[in-house]
Structure formats: C-alpha cells, structure tokens
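What follows is one structure encoded as structure tokens, with my remarks underneath.
The values are calculated or read from the model by the stated rules, or taken from the named source; none is laboratory data. Just so you know, these numbers come straight off a predicted model, no measurement behind them. Virtual Cβ from ideal backbone geometry, glycine too; neighbours counted across all protein chains shown.
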Amino acid sequence: MGGPAAAGAPGGAVEGVVTRLIVDIREKRLAGRPVLGSLAFSLDEGEVTAVVGPSGCGKSTLLRLVAGLDRGVTGTVRWSGEGARPVPNLGVVFQQPRLLPWRTVRQNLALAGADPVEGERLLERLGLAAQADVWASQLSLGMARRLALARALAVDAQALLLDEPFASLDEGNQRLARAVLAEQLLRRPVPTLLITHDLAEAVALAHRVLVLSPGPARLLFDQAVPPGVRTDPALAAATVAALRDLAR
Ligand SMILES: Nc1ncnc2c1ncn2[C@@H]1O[C@H](COP(=O)(O)OP(=O)(O)OP(=O)(O)O)[C@@H](O)[C@H]1O
C-alpha cells in the first residue's frame, strides 16, 4: 500500500523508482471557497523544492493533495517513474507532530514502519536517545517535532513531504535538525517538498524555491538556487534579499 508513512501506512522496502512529481492544479476549493489557484510545477529525483508563501495561502492544502490525503481538485497531481504506485511510500512531517500519545518514542517509529537501525541512529542524531522509552505524550513540543522528523526520515521513503519541519525548535535544535535533513538527503536524495515561511531556510536547503501568492495561492515564480549558495553566507543573504524583492 502506498501513502504517507507518517500518517500510519506501513513503510518498508522501496517499490518502484519515483523519479518525478508533476503538479498541475487549476483550482482547489474547500467549503465552497477557492484555497488554491493556478499552480504548476514538477519535482525531480534528488531535488529539494521549497514552497514559500504567506500564512493561510494554501501550503498545507497543497501538501495534503500531494500526499494523496485529499483528491478533490481541478487539475492533476501525479507521481511518475518506473513501477511507481499512484502514491508512493512517503515520509511526511505534518504541521502538527501527529504522534501516537500512548506509545513510546521507539514504538512510534516502529509503528510507522521505520527501519530499526536507522530509527535508533536518527534518535541519537536528533538528541532523543534518552527519550526512546518515554510516552510520546510526555515529550515537549520541540522533542515531538524532532521525533516527527526522525519518523519521516527512517521509513525508507521514496519521497519526503515536510511541512514546516523545524517550527517550534529552539535555535540549536533547528540547526541540528536542518543538518540531519541535509545529511539524509545526501545519503538518500529522494524528491523532497519542503514547506516553509522562511526564505533563508528555503535557500539553505533547497535546489529550487517556489514562491506563492497570498491565498488562493498561485505560483508567483519558480527560482533555481544557484550552486555554491549554501557554502557562501554572503551569496545566500543576497539570494534571500533578491527573492524577497521578487515576492513583493
Ligand atoms: N477543512 C477546511 N475547510 C475549509 N477551509 C479550510 C480548511 N482547511 C484549511 N482551510 C482554509 O484554506 C486556506 C489555506 O489553508 P492552509 O492551511 O493550506 O494554509 P497555509 O499556507 O498552510 O497556512 P499556514 O502557513 O498558516 O500554516 C485557509 O484560508 C484556511 O482557512
């Protein structure tokens, strides 16, 4: 079965190779009101695409459509690739951590289908090893969010969908979690959609930045992040400033 592992579907071995996500949305309505307008983009293998836009413009709605959790849309959302299923095995971080409260940290990983060795490694890496046998209900919000990230990264996903994965983390843990995600993407470069409101975060992690309009969101522009930006703070700051100007 395909679908978002973080939402409860089993993880496990990769079936088929997901090479691309192709989104061509004309309109998405919720409760009779348009929440997404014209949005067309694709996401290729090994590519991190950041989606940036103002609060309420429809970013989480877009993630739900891409995750196959909502199918009512005018337009298409399609995964392609050799042997790809309609919705591949996804590692998803939702805006809320969505943990099983009366299961331990370790059990939350196991029930999502996490690889046990990878799960332990990620707990260690994300500073959660000491909490492995603690109930999820007893975690702080920052710990819960790090566990949600560990779960998405440990399920051997064919693609990652990350909705503000570093929200509510203090500066040190934000830096740590970003580094863990970057490491993981080097080890396993799966197509990744990163939703964020933070242009600096987008430029630091993504190959491309899609900037959305206020809701109903339409694509304002789709900008490649030049190679070398990540290792040059001055170039990164200039890129953020240029994107901010373009988004005005
Ligand atoms: N179930 C729903 N029924 C009706 N309207 C909804 C529903 N869920 C979301 N909306 C509306 O759709 C719009 C887009 O919401 P969405 O959560 O996708 O925005 P967002 O860009 O992710 O916001 P934020 O950055 O604040 O998280 C908002 O106006 C919201 O009120």
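Descriptive notes on the structure:
- Index of the failed condition, Asp24 passing every other in (1) free of Cβ contacts under 8 Å to residues at least 60 places away in the same chain; (2) not in a strand (DSSP E or B): (2)
- The number of residues in the stretch 43-60 that are assigned to a loop (DSSP other than H, G, I, E, B), away from the ligand (no atom under 12 Å from the Cβ) and either modelled with pLDDT of 95 or more or surrounded by 15 or more Cβ atoms within 10 Å (Cβ to Cβ) (or both) comes to 2.
- Single residue of the stretch 1-42 satisfying the filter (more than 14 Å from Gly91 (Cα to Cα) and in contact with a helix residue (DSSP H, G or I) (Cβ under 9 Å, 6 or more places away or on another chain)) that is modelled with the lowest pLDDT: Leu21
- Scan the stretch 199-221 for residues that are farther than 12 Å from Val48 by Cβ and surrounded by 14 or more Cβ atoms within 10 Å (Cβ to Cβ) and the total you get is 11.
- For the stretch 204-242, a residue qualifies if it is touching a residue at least 60 places away in the same chain (Cβ under 8 Å) and over 20 Å from Val66 (Cβ atoms), and exactly one does: Pro214.
Results for (1) under 17 Å from the mean Cα position of the chain (by Cα); (2) at pLDDT 95 or above; (3) farther than 20 Å from Glu171 by Cα, shown as yes or no for each residue.
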residue: Val87; (1), (2), (3): yes, no, yes
residue: Leu90; (1), (2), (3): yes, no, yes
residue: Pro97; (1), (2), (3): yes, no, no
residue: Arg103; (1), (2), (3): no, yes, yes
residue: Gly113; (1), (2), (3): no, no, yes
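- Flag for Leu169 being not in a strand (DSSP E or B) and not β-branched (Val, Ile, Thr): yes
- Remark: pairs (first residue in the stretch 39-68, over 12 Å from Leu21 (Cβ atoms) and without any contact (Cβ under 8 Å) to a residue 24 or more places away in the chain; second residue among the acidic types (Asp, Glu) and within 12 Å of the ligand (Cβ to nearest atom); Cβ separation under 6 Å; 6+ apart in sequence or on different chains) = Arg64/Asp70.
- The residues of the stretch 69-107 that are closer than 12 Å to Ala159 by Cβ and away from the ligand (no atom under 16 Å from the Cβ), listed by number, are Trp79, Ser80, Gly81, Ala84, Arg85, Val87, Pro88, Asn89, Leu90, Gly91.
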